[in-house]
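Asks: I'd like to ask you about the structure that follows.
The values are calculated or read from the model by the stated rules, or taken from the named source; none is laboratory data. From a predicted model like this one, the values you see are computed outputs, not experimental measurements. Heads up, the Cβs are rebuilt from the backbone with ideal geometry, glycines too, and the neighbour counts pull from every protein chain shown.
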Amino acid sequence: MSTCATASRNGAEPLAGTSATARTWLLIEQTGPWGAKALTDSHLGPGLGRALNAAADGTGVRIALIRRPGRHADCHGVSRRRLFLAHTAPGRSWVRTTTVTDPGAALGLDFAALGAGEHHGIWEPHSGDPLVLVCTNGKRDRCCALLGRPLAAELAAAGIDTWEVTHLGGHRFSPTLFLLPYGYAYGRASAHLVKSAVEAARSGRIVLEHCRGRSAWDRPAQAADLAVRARIHEDRADALDVVRVEALPPAPDATPAGSAGPSWGVTVAHTDGRTWQVTVEQRTDGAPAPASCGAPLLPPARMAVFSLTAADPA
């Protein structure tokens, strides 16, 4: 079996708590080839790519390149391109879009405000179906090309609003995808799963199967959110919020030596007033797996939920 197949089909590593983290996304359409560091290794231009990276640094905005599925001609003279802004915090999710002739116009954005979820009416609201982003950057990881591109093409042929995207993290879970506006990521995805997730998102819901977490939160909070959802069978996207994440002191006797990592106490709140306390620990005792295609086998750093307790009502 090929390395890509091994990485994709190895179900030993849990998916929960592995999504890329970003409260706000800036997506820039860029046709043609992408390099390993696509923002600077594409026809967008290295100077503009570096300037965008600098502008977004520390603001909570993540920038990625997108393109429609299909053949990717080596074109320089793209006259118009689509841009999206998306904020993924529960209860305040939105997607805005525009078309520009010069992608350098994105440098004029207020990245700090966007990272905080304030769009100040910029651009137009995206009123179409949920956006589906499938990671296909083979220069970053060949699994994403070999497994992601066929999935993206199949979804587009089915009429789903699909874009290829440069990097979602978690190459070992290829094919990986990301849905907007709610910002939940999925791994080891099939076309059937994506179609179910899109249908759910149309009504403000999510699919828990193969879900990696919501990008608005760091990974311990992603794992806690999914654990509570599984416990109470909650699929409404904005029904839960993470209201507190607290680093916990080490507990050396709680786990085998060498496998325990940092741990966190996460408070998850429901819109109906219920709350849960979730203890999440980073563990390295899972089955070895490659971090990406061709990489050596290493124990993955996974998020493990050790306790989940409903808080007593006040």
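Asks: Which of the following residues is under 17 Å from Arg82 (Cα atoms) and out of contact with any Cys (no Cβ under 9 Å at 6 or more places or on another chain): Ala116, Ala106?
Replies: Result of the check over Ala116, Ala106: Ala106.
Asks: Scanning for something of a type outside the set (A, V, I, L, M) and farther than 27 Å from Ala64 by Cβ, does segment 184-196 turn up at least one residue?
Replies: No - not one qualifying residue is present in segment 184-196.
Asks: So which of Cys75, Cys4 is at pLDDT below 90, exposed (fewer than 15 other Cβ atoms within 10 Å of the Cβ) and not charged (D, E, K, R)?
Replies: Cys75
Asks: So which residues in segment 263-287 are in contact with an Asp or Glu (Cβ under 6 Å, 6 or more places away or on another chain), part of a strand (DSSP E or B) and surrounded by fewer than 18 Cβ atoms within 10 Å (Cβ to Cβ), if there are any at all?
Replies: Gly265
Asks: Out of all the residues in segment 89-104, which are outside any loop (DSSP other than H, G, I, E, B) and either closer than 30 Å to Ala221 by Cα or at pLDDT below 95 (or both)?
Replies: Trp94, Val95, Arg96, Thr97, Pro103, Gly104, listed by residue number.
Asks: Quick check, is Ala54 surrounded by fewer than 13 Cβ atoms within 10 Å (Cβ to Cβ), small (Gly, Ala, Ser) and modelled with pLDDT of 95 or more?
Replies: In short, yes.
Asks: Next question, about the same structure. If we keep just the residues of segment 16-48 that are touching a residue at least 12 places away in the same chain (Cβ under 8 Å), not polar (S, T, N, Q) and not in a loop (DSSP other than H, G, I, E, B), which is farthest from Leu177 (Cα to Cα)?
Replies: Leu48
Asks: With respect to Ala260, determine if the residue is among the small types (Gly, Ala, Ser), more than 30 Å from Ala191 (Cα to Cα), out of contact with any Gly (no Cβ under 6 Å at 6 or more places or on another chain) and modelled with pLDDT under 95.
Replies: yes
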